[in-house]
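For reference, the structure discussed in these notes is given below.
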Amino acid sequence: MKERLSLKRITIAGLLAAAVCAASLVSVPIPTPIDNTRLHLGNIMCILSGLLMGGFLGGCSAGIGSFFFDLLNPEYIASAPFTLVFKFFIGFIAGSIAFAGGKNGRNTASNILGGALGSVAYVILYLGKSYIENRLVYNLDIDTSLAVLAPKAIASLANGVIAVIVAVPLAAFIRAAMKRANLSLQ
């Protein structure tokens, strides 16, 4: 199904991007030998964006909000272009699966599957980039590179699991509240 673009949907996508950025600020840092890894709430909003808006706009909200978070933090600014793409895929995959077959984000099993696959895709992209960076930028050997990735993998998987657990019921709650208020995301 082709997503409709309207001023209302683009505005909501922008608000969700701002929410992604703000939620990314709420974090617990986990120091590693090379850089910092964080447990944060941003991925919840990335998945939520996809579940509410569908693949393309949900992905844009997730990627743009995360991109601006990185731009606001000197520690992450160099990663901003990667974050834009990687986080886009969380929302895009979650939304594409949640909206497939006319479900429009209203099927819990599809929402869980979409959120989980979006999170897994992100973890693979993030860890792949980190591994390449460890090898090419920091000149670490293979064993050290993999050891450095272990805390990142654990934190990223924890972020993903937490995001699915929170985003799926939150999406249902928001949809129900908007329906009661005679508002529609479509």
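The table below gives the values:
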read-out	value
Inter-site label distance for ASN36 and LEU5 at 7 Å from Cα along Cβ, in nm	3.6 nm
Under 15 Å, Cβ to Cβ, from ILE64 - net charge with Lys/Arg +1 and Asp/Glu -1	+1
The chain - percent relative contact order, Cα under 8 Å, separation 6 or more	23 percent
3J(HN,Hα) from dihedral phi, the range 101-109, Karplus parametrisation 6.51/-1.76/1.60, rounded to Hz, x for glycine, proline	x, x, 6, 6, x, 10, 10, 4, 4
Segment ALA18-ALA147, extension gain: residue separation times 0.36 nm, minus the distance between their alpha carbons	43.0 nm
Surrounding net charge for VAL168, when Lys and Arg each add one and Asp and Glu each subtract one, Cβ distance under 15 Å	+3
Dmax and Rg, reported as Rg then Dmax, of the range 55-160 (C-alpha, Å)	15.3, 48
Kirkwood Rh in Å, taken over the range 7-103 so that all alpha-carbon pairs contribute	13.1 Å
Count of lysine pairs in the range 1-153 with Cα separation under 23 Å (8 or more residues apart, or interchain)	8
Hydrodynamic radius of the chain per Kirkwood, over alpha carbon pairs, in Å	16.5 Å
Coarse-grained scattering of the range 124-172 at q = 0.15, 0.17, 0.18, 0.29 Å⁻¹, given as base-10 log I(q)/I(0) from a Debye sum over alpha-carbon atoms	-0.48, -0.56, -0.59, -1.00
Distance between the range 66-135 and the range 143-186 - C-alpha centres, whole angstrom	10 Å
Rounded tilt (10° steps) of 80-99 against the dominant C-alpha axis of the chain	40 degrees
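Computed from the coordinates by the stated procedures, all read-outs in this text should not be read as laboratory data. Please read all numbers here as calculations on a predicted model, not as lab measurements. Neighbour counts are summed over all protein chains in view; Cβ atoms, including those assigned to glycine, are modelled from backbone coordinates with ideal geometry.
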